[in-house]
Amino acid sequence: MIKKVLLTIVLGGSMAAMAACGGDAEEKTNEEAAPQEETAAADEATGEQPEMPEPDLKDIPDVVAEVNGEEIDKKEFESAYTGQFQQMAMQAQMSGQEVDQAQLKEQIAESLVAQELLVQETEKQKIEVTDEQTDASLKELAEQNGLASSEEFLAALEEQGLSEEEVRKQVQTQVKVDQLVAQEAGEIKPTEEELKKVYEQAQAQQKEAGSDEELPAFEEVKPQLEEQVKMQKESEAVQGLIAKLRESADVTINL
């Protein structure tokens, strides 16, 4: 199953808030770390903490975009934008760089348009989803967020203002999109050559980063490499399908 891109966007701030409770910061290179350490030392000396930037939600139109007559409204955009902004703002705090909010708004709008195109295509193809598939996806999402059960996952999202009915509806939509993507991508069987190429790239990146730690043997990480290649090919299939749907779609973005 592809990464839950749609659900992450739709649940936006709720998922970001959950992730913020236990997420690890991305590793930095020595060049990046040096100025950050100086800033941290200065903050410690003055007792000040850098302020978290606020999302710029001024002048967002009531209808952000229209896709084949279906509207993407302000509320949906703001939910998606706020969630992504929170994640990027945390990263920006550590890197010392500002979030380019104009660019992020364009990216979020395009993401929501792409998702609407995929959802419309599932309806066009009359793709159905069972309760069992929905329950399985909820359980998977719970595990991805470090929770013991789908009940805990639903309870956590309810605290963020999302009802079980809303979440189940979005999960059902995602499962339909997953099925659409699976149809488009077909059966994916990575070759030995492809897996070794990815492994060699990882070795080169580690060497370039100056790490003395050796990667596990190829055979040991082969299952992970297979999953990585599958996800990459599924992603390419998604992008290809979105591009094809966009060509014949009537899309207007009002930002």
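The values are calculated or read from the model by the stated rules, or taken from the named source; none is laboratory data. Predicted model, so just to flag it, every value in this text is computed and none were measured. FYI the Cβ positions are ideal-geometry reconstructions off the backbone, even for glycines, and counts take in every protein chain you see.
Taking Thr122, is it over 19 Å from the mean Cα position of the chain (by Cα), in contact (Cβ under 8 Å) with a residue 24 or more places away in the chain and under 17 Å from Arg246 (Cβ atoms)? Show your work before the answer.
Working: over 19 Å from the mean Cα position of the chain (by Cα): yes; in contact (Cβ under 8 Å) with a residue 24 or more places away in the chain: yes; under 17 Å from Arg246 (Cβ atoms): yes.
Yes, satisfied.
Glu187 passes all but one of (1) among the acidic types (Asp, Glu); (2) under 30 Å from Val129 (Cα atoms); (3) in a helix (DSSP H, G or I); which number fails?
Only one criterion in (1) among the acidic types (Asp, Glu); (2) under 30 Å from Val129 (Cα atoms); (3) in a helix (DSSP H, G or I) is unmet by Glu187, namely (3).
Check the range 157-165 and report whether any residue there is closer than 24 Å to Leu112 by Cα, in contact with a Leu (Cβ under 9 Å, 6 or more places away or on another chain) and in a helix (DSSP H, G or I).
For the range 157-165, residues closer than 24 Å to Leu112 by Cα, in contact with a Leu (Cβ under 9 Å, 6 or more places away or on another chain) and in a helix (DSSP H, G or I): present.
Would you please name the residue that is surrounded by the most Cβ atoms within 10 Å (Cβ to Cβ), looking only at residues in the range 206-231 that are modelled with pLDDT of 90 or more and among the polar types (S, T, N, Q)?
Per the criteria, the residue is Gln228.
For the condition over 30 Å from Asn68 (Cα atoms) and at pLDDT 90 or above, what is the one hit in Ser137, Ser150?
Ser150
Hey, does the range 76-90 have a residue that's of a type in the set (S, T, N, Q) and more than 19 Å from the chain's Cα centre (by Cα)?
Let us first name the residues in the range 76-90 that are of a type in the set (S, T, N, Q), namely 79, 82, 84, 86-87.
With the extra rule that they be more than 19 Å from the chain's Cα centre (by Cα), the set shrinks to none.
No, the range 76-90 has no match at all.
Taking the options Ala142, Ala102, Ala185, name whichever one is under 30 Å from Glu247 (Cα atoms) and in contact with a helix residue (DSSP H, G or I) (Cβ under 6 Å, 6 or more places away or on another chain).
On inspection, the qualifying residue turns out to be Ala185.
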